1. Look through Arg540, Arg515, Arg505 and report the one residue that is at pLDDT 95 or above and open to solvent by 40 Å² or more (accessible area, probe 1.4 Å).
2. Cβ-Cβ below 6 Å, separation at least six or inter-chain, first residue in region 247-273 and modelled with pLDDT of 90 or more, second among the aromatic types (Phe, Trp, Tyr) and crowded, with 22+ Cβ neighbours inside 10 Å: which pairs?
3. Given the condition in contact with a Lys or Arg (Cβ under 8 Å, 6 or more places away or on another chain) and open to solvent by 40 Å² or more (accessible area, probe 1.4 Å), answer yes or no: does some residue in region 552-562 qualify?
4. Would you kindly identify the strands (runs of 3 or more DSSP E) lying entirely within region 96-182 that contain at least 1 residues that are small (Gly, Ala, Ser) and closer than 22 Å to Val341 by Cα?
5. Which one is farthest from Ala114 (Cα to Cα) among residues in region 286-313 that are in contact (Cβ under 8 Å) with a residue 24 or more places away in the chain and assigned to a loop (DSSP other than H, G, I, E, B)?
6. In region 388-421, what residues are charged (D, E, K, R) and touching a helix residue (DSSP H, G or I) at 6+ places or on another chain (Cβ under 9 Å)?
7. Do we find a residue being under 30 Å from Ser138 (Cα atoms), open to solvent by less than 30 Å² (accessible area, probe 1.4 Å) and either modelled with pLDDT of 95 or more or not in a strand (DSSP E or B) (or both) anywhere in region 666-673?
8. Might you check whether a residue that is more than 24 Å from Val102 (Cα to Cα), in contact with a helix residue (DSSP H, G or I) (Cβ under 9 Å, 6 or more places away or on another chain) and open to solvent by 50 Å² or more (accessible area, probe 1.4 Å) occurs anywhere in region 348-357?
Amino acid sequence: MSGKGTHGTSNGTTAPPDRPEKIRNVALVGRSGAGKTMLSEALLVATGTINRMGSILDGTTVSDSDPSEIHQQRSVTLSVLPLVVDQVKVNLLDTPGYADFVGELRAGLRAADAALFVVSAVDGVDAATSALWAECESIGMPRGVVISRIDHPRARYETVLTELQRAFGSSVVPVYVPIRTAGEITGLLGLLSGTVSDYSAGTPRPARRQANDVERADSESARAVLIEGIIAESEDETLMDRYLGGEEIPLDTLIADVEIAVARGSFFPVLAASAETGVGVAEVLDLLTGAFPSPVERGVPAVAELDGRPIETLACDPAGPLLGEVVRTTIDSFLGRVCLVRVFSGTIREDSTVHIGGSGLVDRGRTDHDSDERVTHLQFPMGSSLSPAPYCVAGDICALTRMSSAETGDTVSAPERPMLVTPWEMPEPLMPVAVQAATHGDEDALARSLAKVAAVDPTLRVERNAETHQLILWCMGEAHAEVVLDRLRGQGVKVQTVGVMTPLRETFARPIAARGRYVKQSGGHGQYAICDIEVEPLERGAGFEFVDKVVGGVVPNQYIGSIERGVRAQMQKGVSAGFPVVDIRVRLVGGKAHSVDSSDAAFQAAGALALREAAAASRIQLLEPVSAVTINVPDSYVGTVMTDLSTRRGHLTGVTSVGEERSEVTVEIPDAELLRYAMDLRALTAGSGRFRRAYLRHEPAPLNVAADSVTL
């Protein structure tokens, strides 16, 4: 990082890089509305990649081209925006900031080697920003920060800087300070170089001058904090003594040390910028190319042979064995399946054959698979546009089109040496949406389209509930559900949502005896079977017991099993509201048979009828599913969350501190109260809460809940 912000630009028409040292992959990260998309537009204009900035309102930005993005006016997918600065290719990965699309964020972080946080000078640091920071911190991602929208009338640059340092520590340090003219920010002063970038002319290329005495005096304390922070991170233990002794540390030494500290994720430089006025754009480009690590410095994620044996020697080398990963998949009506691939090792070339392997997403409806495919079209992405590429080296990002089997998360390797990258953690979708085809004729189209949508979205889980027979889309939240439904309807599918049914079960509330009499005479052989049973409830989770207590051979042995099969079949159908019967013991205590008219079918019918008769004479208790839920929230929201849980019939089982001013609340809560909890928890905790759930047991449902469920 030069500290000067002086860079030549290129329109990106040169040959692709042949060395990973000439590549930077940087994810733009920040809450929805922070200004990531418009900052990327300004960077593209400043480098001559595009001629003019697009508009979010008009749907003309390079990154937000998906119909759902234009409709919602926010990023919902990962976009790659390459630009070239001083012969260094920078792949900007514009990631969504809304919590529903955290899967796209994680895909972007997997493809990136550093993250540039964009924090609005108007909105500041909120819970969503903190959650995103924690995402990056958990994987050791190098980070920098741009305070955006500094031209806004309500901008609070100094306040937001303080919020950043309070939230993320003293290693968050500005490397430039704003210069104001008549109250407006017109330039930036580089604290290391002492050079002022003057943007008052309104162009993305600022005029350069040395800071005057007043500007130097005003920035002296900030400069001292920056230098002390750099020296504290330096591997040269003599620097601090030399600095405290009054020695002027050479600029080149400071820049080298800050680049090392940024690359290892222990120092986080802060800049200020405005996409509208262009202030700070050159400095952001300087940060991207000068401070952030190259793919060589970040290395390769964990990788293994197909049999699971780890591979330790792989490096980011264009001449090494091929290793890439599909980080995003789309389906285009003309190009077929389009796979965005981050290449970690080796080189992909057009007309070559690659091995596609995928595993670990069986719970999302994906089967483990591997196959060889020919790369017929190799492209470089620019938002939704593609341009032909002759090759793609280790460290770069490309798009493979017309792929037949590749899905998000799959590994791309050489057929002669197939490998598997350890998959990144996929977020668990926790909001159910029940859908059905608008007409019977739309059912096949819905099934086909759902398969396509699920193939490109690993955060979506499609389930056909075996008990309620509903088609359930498990989504990340309402915004995610809206995108999924928009994509289905965009393929011409007529789909509608319906209420989600809770899969209840039935049991007997008290012991009861009953007779099943199935006797029919219709000429020729008739049907004759009578069985006497006693039914009693068992404790929760005990299942089903069938006990033969027949004496004297009144029911022949060959029909005992027939009665049990009839009882079991009726249990699956239900005896009251159509839900399966559980946790009962059935004793067969008597019955009658006919030497000619009795049969297996007749005794099965008698067994089913006996259970129905027992239910008619007894009280049937409906049972609802209960889940064990663990909720992770900041300490400040624990009381709010616990109060809300009490209104959801939750049974609190514990509160545990997990550090970093966060706690985990554990609770047992009926599933019927969790249908919208993904959205409700987000609203209660300003987006900072998260939870996980696991089925625990079925418990008796209150009368009002049972009545509502039966009505559905």
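The values are calculated or read from the model by the stated rules, or taken from the named source; none is laboratory data. From a predicted model like this one, the values you see are computed outputs, not experimental measurements. Here the Cβ is made from the backbone with ideal geometry for all residues, glycine too, and neighbour counts use every protein chain on show. Each accessible area value is taken on the protein alone, full model and side chains, heavy atoms only, with ligands, DNA and RNA left out. Shrake-Rupley method; radii C 1.70, N 1.55, O 1.52, S 1.80 Å.
1. Only one candidate qualifies: Arg515.
2. Ala261/Phe267; Leu271/Tyr176
3. Keep residues of region 552-562 that are in contact with a Lys or Arg (Cβ under 8 Å, 6 or more places away or on another chain), which gives 554-555.
This time we only want the ones that are open to solvent by 40 Å² or more (accessible area, probe 1.4 Å), so: 554.
For region 552-562, residues in contact with a Lys or Arg (Cβ under 8 Å, 6 or more places away or on another chain) and open to solvent by 40 Å² or more (accessible area, probe 1.4 Å): present.
4. On the way: elements: 114-120, 143-148, 172-174, 176-181.
By residue number, 114-120.
5. Leu306
6. Asp396, Glu407 - these are the residues of region 388-421 that are charged (D, E, K, R) and touching a helix residue (DSSP H, G or I) at 6+ places or on another chain (Cβ under 9 Å).
7. Looking through region 666-673, at least one residue is under 30 Å from Ser138 (Cα atoms), open to solvent by less than 30 Å² (accessible area, probe 1.4 Å) and either modelled with pLDDT of 95 or more or not in a strand (DSSP E or B) (or both).
8. The answer is no; no qualifying residue exists.
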